[in-house]
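This report refers to the structure that appears directly beneath it.
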């Protein structure tokens, strides 16, 4: 297919694309109804749609371009204390230990459930099976961190103010929603499956995606609130909620771009920080190491100057 018949692609890269990723993107550019693609610095090869890729369509929804951890994203909020409060290793260790108890990584590690707030939609999911899982699993997985690249960490900004950052998603519920709707989607080129956004199936998928995003956002907020209680006990400080920044990076949403409305799919892309951040304390089962840079991507920091835009 000639370049004129392929969806336009723009990229912001820290290094040249691997051959396998480049070939996968070329195939995606030829996929039905794909109008435009953007590639971000955290791109990596995946089975159907690469991580770190934004896909815009006019009427077709591709659940695989959203992934299973629907609503996965970040919450960052400042604390009214200097980061030097964690300079003492014993103090930092005590804080991490107590946060680990207050914010379990998995449901089996928790001592009690946390009530879900009213902002999570109460109307049922699109299928009785999904709703049954939501009622059972949602209660016990709410406000648990998860594993893999999810984390909770304390950071320091350029003025040495302490910040809390949480990276988590919709836990197993998002995966169940994805798998249910993929089974009803229509196969297209390669291994991709598509849903018409205007069909009943599409509306049901979008309804469930909205619920998963709200669940994930509220879960991150609840984990931050539990961490705030620990901070009050250990450092005699509190969270400055007016500074909160919250955004997710696994979703599909209708957006207006110029004169057009497009369904924009995101998976695994989230960078909204400025200045310098370092991590004096972190909870994710990984070594607690300080790091430096200007851009945060799932716990790894990148220097802004290393990323370049290309077309």
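The values are calculated or read from the model by the stated rules, or taken from the named source; none is laboratory data. What you see is a predicted model; the values in this text were computed from it and never measured. Every residue, glycine as well, gets a Cβ built from its backbone with ideal geometry; the counts of neighbours run over all protein chains shown.
Working only within the range 141-172, note down all residues that are within 21 Å of residue 228 (Cα to Cα) and in a helix (DSSP H, G or I).
141
Please state which one of 68, 52 is under 21 Å from the mean Cα position of the chain (by Cα), touching a residue at least 24 places away in the same chain (Cβ under 8 Å), within 30 Å of residue 222 (Cα to Cα) and in a loop (DSSP other than H, G, I, E, B).
The match here is 68.
Do we have any residue at all in the range 56-63 that's buried (at least 21 other Cβ atoms within 10 Å of the Cβ) and in a helix (DSSP H, G or I)?
Within the range 56-63, one or more residues are buried (at least 21 other Cβ atoms within 10 Å of the Cβ) and in a helix (DSSP H, G or I).
Considering only residues that are surrounded by fewer than 12 Cβ atoms within 10 Å (Cβ to Cβ) and modelled with pLDDT of 95 or more, look in the range 180-200 and name the one that is farthest from residue 128 (Cα to Cα).
187
On the given criteria, is residue 120 touching a helix residue (DSSP H, G or I) at 6+ places or on another chain (Cβ under 9 Å), within 27 Å of residue 211 (Cα to Cα), assigned to a helix (DSSP H, G or I) and touching a residue at least 40 places away in the same chain (Cβ under 8 Å)?
no
Considering each of 130, 75, 95 in turn, give the residue that is in contact (Cβ under 8 Å) with a residue 40 or more places away in the chain, part of a helix (DSSP H, G or I) and under 23 Å from the mean Cα position of the chain (by Cα).
130
Among the residues that make up the range 211-232, is at least one of them in a helix (DSSP H, G or I) and more than 27 Å from residue 137 (Cβ to Cβ)?
Yes; the residues of the range 211-232 include at least one that is in a helix (DSSP H, G or I) and more than 27 Å from residue 137 (Cβ to Cβ).
Would you confirm whether or not the range 31-39 contains a residue that is part of a loop (DSSP other than H, G, I, E, B), crowded, with 18+ Cβ neighbours inside 10 Å, in contact with a strand residue (DSSP E or B) (Cβ under 8 Å, 6 or more places away or on another chain) and touching a residue at least 60 places away in the same chain (Cβ under 8 Å)?
yes
Tell me, yes or no, whether the range 198-206 has at least one residue that is closer than 14 Å to residue 263 by Cβ and not in a helix (DSSP H, G or I).
Checked the range 198-206: at least one residue is closer than 14 Å to residue 263 by Cβ and not in a helix (DSSP H, G or I).
Which residue, of 155, 135, is crowded, with 21+ Cβ neighbours inside 10 Å, modelled with pLDDT under 95 and either farther than 14 Å from residue 71 by Cα or out of contact with any helix residue (DSSP H, G or I) (no Cβ under 6 Å at 6 or more places or on another chain) (or both)?
Exactly one of 155, 135 is crowded, with 21+ Cβ neighbours inside 10 Å, modelled with pLDDT under 95 and either farther than 14 Å from residue 71 by Cα or out of contact with any helix residue (DSSP H, G or I) (no Cβ under 6 Å at 6 or more places or on another chain) (or both), namely 155.
Output yes when any residue across the range 224-232 is under 21 Å from the mean Cα position of the chain (by Cα) and over 25 Å from residue 112 (Cβ atoms), and no when none is.
The answer is no, given that none of the residues of the range 224-232 is under 21 Å from the mean Cα position of the chain (by Cα) and over 25 Å from residue 112 (Cβ atoms).
Select, from 113, 103, 166, the only residue that is over 20 Å from the mean Cα position of the chain (by Cα) and either surrounded by 16 or more Cβ atoms within 10 Å (Cβ to Cβ) or within 14 Å of residue 219 (Cβ to Cβ) (or both).
113
Among 227, 201, which is over 16 Å from residue 81 (Cβ atoms) and touching a strand residue (DSSP E or B) at 6+ places or on another chain (Cβ under 8 Å)?
The conditions single out 201.
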